[in-house]
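In what follows, a single structure is set out as C-alpha coordinates and then discussed.
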Amino acid sequence: MSTFSYRAGYALGTVTREFLRAVKQSTPAAPAKPLMARRAMPAAAPHLSGQVLEQMCQVPAIVRRKQVDLNAWYEANTREVQVKVKKPRTRKPKTKPVQAATNALRLGSLNELIAPIEPSMNC
(Lines give C-alpha, C1' and ligand atoms only; values in the text may rest on other atoms or scores of the structure.)
Protein backbone atom coordinates (compact mmCIF):
# COMPACT_ATOMS: atom_id res chain seq x y z
CA MET A 1 0.00 0.00 0.00
CA SER A 2 1.57 3.25 -1.08
CA THR A 3 1.64 6.47 0.85
CA PHE A 4 -0.50 8.17 -1.77
CA SER A 5 -3.27 5.58 -1.58
CA TYR A 6 -3.20 5.70 2.23
CA ARG A 7 -3.52 9.48 2.28
CA ALA A 8 -6.21 9.46 -0.40
CA GLY A 9 -8.25 6.92 1.58
CA TYR A 10 -7.78 8.87 4.79
CA ALA A 11 -8.93 12.12 3.13
CA LEU A 12 -11.93 10.38 1.54
CA GLY A 13 -12.92 8.91 4.91
CA THR A 14 -12.64 12.32 6.58
CA VAL A 15 -14.80 13.97 3.91
CA THR A 16 -17.40 11.19 4.19
CA ARG A 17 -17.52 11.45 7.97
CA GLU A 18 -17.97 15.24 7.89
CA PHE A 19 -20.65 14.98 5.20
CA LEU A 20 -22.64 12.41 7.18
CA ARG A 21 -22.32 14.49 10.34
CA ALA A 22 -23.66 17.57 8.51
CA VAL A 23 -26.59 15.61 7.04
CA LYS A 24 -27.57 14.03 10.36
CA GLN A 25 -27.57 17.29 12.31
CA SER A 26 -30.83 19.15 12.28
CA THR A 27 -30.71 22.88 11.73
CA PRO A 28 -31.21 24.61 15.06
CA ALA A 29 -34.28 26.84 15.14
CA ALA A 30 -33.40 30.46 15.71
CA PRO A 31 -34.87 31.72 18.98
CA ALA A 32 -37.58 34.33 18.60
CA LYS A 33 -35.94 36.59 21.16
CA PRO A 34 -32.28 36.28 22.09
CA LEU A 35 -31.80 35.45 25.73
CA MET A 36 -29.78 37.91 27.75
CA ALA A 37 -27.89 36.48 30.67
CA ARG A 38 -28.45 38.32 33.90
CA ARG A 39 -25.37 39.63 35.58
CA ALA A 40 -24.77 38.51 39.13
CA MET A 41 -22.91 41.72 39.86
CA PRO A 42 -23.58 45.15 38.42
CA ALA A 43 -21.11 46.17 35.75
CA ALA A 44 -17.99 47.83 37.08
CA ALA A 45 -16.99 51.32 36.09
CA PRO A 46 -14.92 51.33 32.92
CA HIS A 47 -11.87 52.90 34.57
CA LEU A 48 -10.94 52.25 38.17
CA SER A 49 -9.18 54.96 40.08
CA GLY A 50 -5.65 54.52 41.38
CA GLN A 51 -6.85 54.36 44.99
CA VAL A 52 -9.29 51.55 44.19
CA LEU A 53 -6.59 49.59 42.39
CA GLU A 54 -4.17 50.10 45.28
CA GLN A 55 -6.78 48.84 47.75
CA MET A 56 -7.45 45.79 45.54
CA CYS A 57 -3.73 45.00 45.57
CA GLN A 58 -3.47 45.35 49.35
CA VAL A 59 -6.68 43.58 50.45
CA PRO A 60 -7.19 39.90 49.58
CA ALA A 61 -10.22 39.01 47.44
CA ILE A 62 -11.82 36.83 50.15
CA VAL A 63 -11.88 39.86 52.45
CA ARG A 64 -13.24 42.19 49.77
CA ARG A 65 -15.95 39.84 48.49
CA LYS A 66 -17.09 37.93 51.58
CA GLN A 67 -15.93 40.23 54.40
CA VAL A 68 -14.04 37.37 56.05
CA ASP A 69 -11.86 38.10 59.08
CA LEU A 70 -8.53 36.58 58.10
CA ASN A 71 -7.37 36.07 61.68
CA ALA A 72 -10.50 34.08 62.56
CA TRP A 73 -10.28 32.17 59.27
CA TYR A 74 -6.64 31.27 59.96
CA GLU A 75 -7.45 30.00 63.46
CA ALA A 76 -10.39 27.95 62.17
CA ASN A 77 -8.62 26.41 59.16
CA THR A 78 -5.11 25.73 60.41
CA ARG A 79 -3.67 23.60 63.15
CA GLU A 80 -0.23 22.81 64.46
CA VAL A 81 1.36 19.64 63.26
CA GLN A 82 2.46 17.30 66.00
CA VAL A 83 6.13 16.60 65.51
CA LYS A 84 7.09 13.02 66.17
CA VAL A 85 10.21 12.58 68.22
CA LYS A 86 12.69 10.52 66.29
CA LYS A 87 14.87 8.05 68.09
CA PRO A 88 18.53 8.87 67.70
CA ARG A 89 20.33 6.59 65.33
CA THR A 90 22.67 4.10 66.87
CA ARG A 91 25.72 2.80 65.11
CA LYS A 92 26.34 -0.86 64.83
CA PRO A 93 29.55 -1.95 66.51
CA LYS A 94 32.34 -2.47 64.04
CA THR A 95 33.36 -6.05 63.60
CA LYS A 96 37.03 -6.79 63.16
CA PRO A 97 37.88 -8.61 59.96
CA VAL A 98 38.71 -12.26 60.36
CA GLN A 99 42.46 -12.86 60.33
CA ALA A 100 43.63 -14.97 57.43
CA ALA A 101 45.41 -18.19 58.15
CA THR A 102 49.02 -17.67 59.26
CA ASN A 103 50.28 -20.18 56.69
CA ALA A 104 49.32 -17.91 53.81
CA LEU A 105 51.65 -17.45 50.91
CA ARG A 106 54.42 -14.99 51.56
CA LEU A 107 55.53 -12.86 48.72
CA GLY A 108 59.24 -12.81 48.07
CA SER A 109 61.57 -10.40 46.38
CA LEU A 110 61.04 -9.67 42.71
CA ASN A 111 64.76 -9.18 42.09
CA GLU A 112 65.10 -12.72 40.83
CA LEU A 113 62.39 -12.16 38.23
CA ILE A 114 63.76 -8.90 36.88
CA ALA A 115 66.63 -9.23 34.48
CA PRO A 116 69.63 -7.07 35.29
CA ILE A 117 69.92 -3.98 33.13
CA GLU A 118 73.15 -3.62 31.27
CA PRO A 119 74.57 -0.09 31.48
CA SER A 120 75.43 -0.10 27.78
CA MET A 121 71.76 -0.42 26.78
CA ASN A 122 70.06 2.96 26.83
CA CYS A 123 66.71 3.44 25.24
Selected residue (only one of Ala30, Ala40, Ala72, Ala22 is modelled with pLDDT under 90, in a helix (DSSP H, G or I) and exposed (fewer than 10 other Cβ atoms within 10 Å of the Cβ)) = Ala22
Scan the stretch 48-68 and report the pairs whose first residue is touching a residue at least 24 places away in the same chain (Cβ under 8 Å) and whose second residue is not in a helix (DSSP H, G or I), with Cβ atoms within less than 6 Å and a gap of 6+ or a chain change.
-> none
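The values are calculated or read from the model by the stated rules, or taken from the named source; none is laboratory data. The structure displayed is predicted, hence computed values, not measured ones. Here Cβ is always computed from backbone atoms with ideal geometry, including for glycine, and neighbour counts include all displayed protein chains.
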